[in-house]
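Structure below; questions to follow.
Read the figures in this text as sums done on the coordinates, not as results from a lab. As the structure is a prediction and not an experimental result, all values here were calculated from the model. Cβ: placed from backbone, ideal geometry, glycine included. Neighbour counts: every protein chain shown.
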Amino acid sequence: MIKIDHLSTSYSTISGPVHVINDVDFEIYDNEIFGIAGESGCGKTTLLKALYDIIEFPMVVDSGKLILSGEKYGKTFSYETGQIRKTWWNNISYVPQAAQSVLNPIVPLKNQFLDSIPKEDKRYKTKEQTLKRVADYLEELSLSPDLLNAYPFQLSGGMRQRVIIALATFMSPNVVLADEPTTALDVVVQRGILMMLMRLQKQLKNTMVIVSHDMGVHYQVTDRMGIMYSGSLVELGKTEDIFEKPIHPYTKMLVGALPRVGDKSPKTGIPGRPPALTNPPAGCRFAPRCQRATEECRKSVPKLQEVEPGRFAACHLINKNGC
Ligand code: SF4
């Protein structure tokens, strides 16, 4: 469905390029919920923007590309970086970070739905037919059709988020990208949003990519996930495997810091901070925080390698004394 082919991107600054994504290479499959996790500033959102083809100055693709391919209504399609935006809403849609602020507060929601439908979509002949279908769709999602006459400023944050997700999925896109979809919502509303995303994915049988710094979100929702650190993918695999048997030292720390029912042991955060992308350390970028770092780690960058079928990690300890 989505092939990320040795992608490297940077931001142009007056002091020179800042490399944000470094040679990221993996695939996201059809009919799965894929999670991208990692601390703030690790490149998750930049990667998601690249997936959605929002590559605008000062962001630059240094090398590699993305390929979005699949089948819809019996027709196959394939788009590369630079072309993916041609199929926005139709084959791929995006729920941005702080999506609640994306809706124009003084435009009724019905107009915002009408504006989101590409002109070339000929399924509904008239505006009335389109709005009838939108109203039916809202009901399918357990939302009131009366929302169409409301203005965004009249809705709660959680309701605005649900409306954005309805907007992003109305055209039944093959891929939905969601950037921190539950941030700034209380835990009850968060759960409702996650349930809505899971239900939609089951209904559409499409691909969802969820970026979140919250490992609990990934545990509840995703089928597979990738862990990013300082612009690189350091671990990739099935979510349950990553939580049960993390391989990379960074993933081990992330998972070990999570509270578990019945576990009364004290939890500690990960010491130190991610390196500044303007001046990253040589070798493995996790080395300054890794208790198992060796001389080799400080000199050479570990490559992502397959540890077992479908399971990848980037660490020099793999195949030595085990990660
Ligand atoms: Fe730690 Fe070395 Fe593995 Fe990096 S390569 S995570 S520093 S052991």
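Based on the Kirkwood radius over alpha-carbon pairs, what is the Stokes-Einstein translational diffusion coefficient of the range 169-323 at 4 °C with 1.567 mPa s viscosity, in µm²/s?
Taking Rh from Cα pairs, D becomes 75 µm²/s.
In whole angstrom, how far apart do the alpha carbon centroids of the range 1-59 and the range 124-146 sit?
Using only Cα atoms, the two centres lie 34 Å from each other.
What's the long-distance tail for the chain, i.e. % of Cα pairs beyond 36 Å?
Tail of P(r) above 36 Å: 22 percent of Cα pairs.
Using 0.36 nm times the number of residues separating ILE14 and ARG191, minus their current alpha carbon distance, what extension gain do you get?
Length gained, ILE14 through ARG191: 59.5 nm.
Say each of ALA184 and LYS205 gets a label point 7 Å from the Cα, pointing the same way as Cα to Cβ; how far apart are those two points in nm?
3.7
Once a ≥ b ≥ c are taken as the square roots of the eigenvalues of the Cα gyration tensor of the range 139-223, is the result rounded (a/c under 1.5), prolate (a/b larger than b/c) or oblate (a/b not larger than b/c)?
Since a/c reaches 1.5 but b/c is at least a/b, the shape of the range 139-223 is classed as oblate.
Sticking with this one: Taking the Cα of GLU139, stepping 7 Å toward and past its beta carbon, and measuring to each backbone N in the range 169-205: which are under 18 Å?
Backbone N within reach: 170.
Same structure again: Over 22 Å between C-alpha atoms is what I'm after, so list which of LYS299/LYS320; LYS110/LYS202; LYS75/LYS119; LYS49/LYS303; LYS72/LYS119; LYS75/LYS205 land there.
Result: LYS110/LYS202; LYS49/LYS303 exceed 22 Å.
Label point 7 Å out from ILE54 along Cα-to-Cβ: which residues of the range 1-16 have amide N under 18 Å?
Once the point is set 7 Å along Cα→Cβ of ILE54, 9-12 turn out to lie under 18 Å by backbone N, inside the range 1-16.
For the residue pair LYS3 and ASP146, what label-to-label distance in nm results when each label sits 7 Å from Cα along the Cα-to-beta-carbon direction?
5.1
On to the next question. Give a residue-ordered list of calculated ³J(HN,Hα) values for the range 58-73 (Karplus: 6.51 cos²θ - 1.76 cosθ + 1.60, θ = phi - 60°; whole Hz; x for Gly, Pro).
Each residue of the range 58-73 in turn: x, 7, 9, 8, 7, 6, x, 7, 10, 10, 10, 9, x, 9, 9, 6 Hz.
Rank the residues SER10, SER116, SER300 as a footprinting-exposure proxy: fewest other Cβ atoms within 10 Å of their Cβ go first.
Arranged by neighbour count, lowest to highest, SER10, SER116, SER300 become SER300, SER116, SER10.
Filter the chymotrypsin sites (Phe, Trp or Tyr not before Pro) in the range 1-101 down to the DSSP loop ones having no more than 15 other Cβ atoms within 10 Å, then list what survives.
Sites meeting the loop and neighbour criteria: TYR29, TYR73.
Report the calculated FRET efficiency for LYS65 and GLN305 (r = Cβ-Cβ distance, R0 = 30 Å), to the nearest 0.05.
Efficiency, from the Cβ-Cβ distance: 0.85.
Share of antiparallel DSSP beta bridges in the chain, in percent to the nearest 5?
Restricted to the chain, the bridges split so that about 65 percent are antiparallel.
Where in the chain lies the longest segment free of GluC sites (Glu not before Pro) that are both loop residues by DSSP (not H, G, I, E, B) and have at most 11 other Cβ atoms within 10 Å?
So the longest stretch without any such site is 121-323.
Decide, for the range 147-186, between rounded, prolate and oblate: order the square roots of the alpha carbon gyration tensor eigenvalues as a ≥ b ≥ c, take rounded if a/c falls under 1.5, and otherwise choose prolate if a/b is larger than b/c, else oblate.
Cα axes put the range 147-186 in the oblate bin.
Right, here's the next one. Taking each pair of different alpha-carbon atoms in the range 179-259 once, compute 1/r for the pair, average those values, and report the inverse of that mean as the Kirkwood hydrodynamic radius in Å to one decimal.
13.6
Can you tell which of TYR229, LEU155, THR45 lies farthest toward the positive end of the dipole of the chain, using +1 and -1 charges on the Cβ of basic and acidic side chains (Lys, Arg; Asp, Glu)?
Final value for the positive-end residue is LEU155.
Within the P(r) computed for the range 108-160, what percentage of the Cα pairs occupies the region above 16 Å?
Tail of P(r) above 16 Å: 41 percent of Cα pairs.
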